[in-house]
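Down below is the structure, laid out as structure tokens.
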Amino acid sequence: MNRNLGQCSLRRKRRSSDPMTAFDDLPPPLRQWLTQAVLPWSPASARRLWSKSRAKGLSPEEALASLSAAEAKTLARDRHTTRINFDPQG
């Protein structure tokens, strides 16, 4: 069963903890970002990247930008992602 991953070619992982409790424990800006994320992030992986970014002294906005960059990098690896080429002349 694909669940919410659809036709994604990325590897699936099993969870050992309650993802809803972990989600509720996240900082509000990170929870808001996750509600708009393209990929189904686990709370643990989102918190890990958030914590690393904040430990480097990044602001919450910069930490969210680094999460967006990580998501874009992951999407670029997905072979089922549709790539749209825009040709302004035609």
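Any idea which of 54, 3, 11, 15 is open to solvent by 60 Å² or more (accessible area, probe 1.4 Å) and at pLDDT 95 or above? Reasoning before the result, please.
On the way: 3 fails: at pLDDT 95 or above; 11 fails: at pLDDT 95 or above; 15 fails: at pLDDT 95 or above.
Exactly one residue qualifies, and that residue is 54.
Every residue in the range 18-28 that is modelled with pLDDT of 95 or more and open to solvent by 50 Å² or more (accessible area, probe 1.4 Å), please.
Matches in the range 18-28: 28 only.
The values are calculated or read from the model by the stated rules, or taken from the named source; none is laboratory data. These figures come from a predicted structure and were not determined experimentally. Side chains included, ligands, DNA and RNA excluded: accessible areas come from the protein's heavy atoms. Shrake-Rupley method; radii C 1.70, N 1.55, O 1.52, S 1.80 Å.
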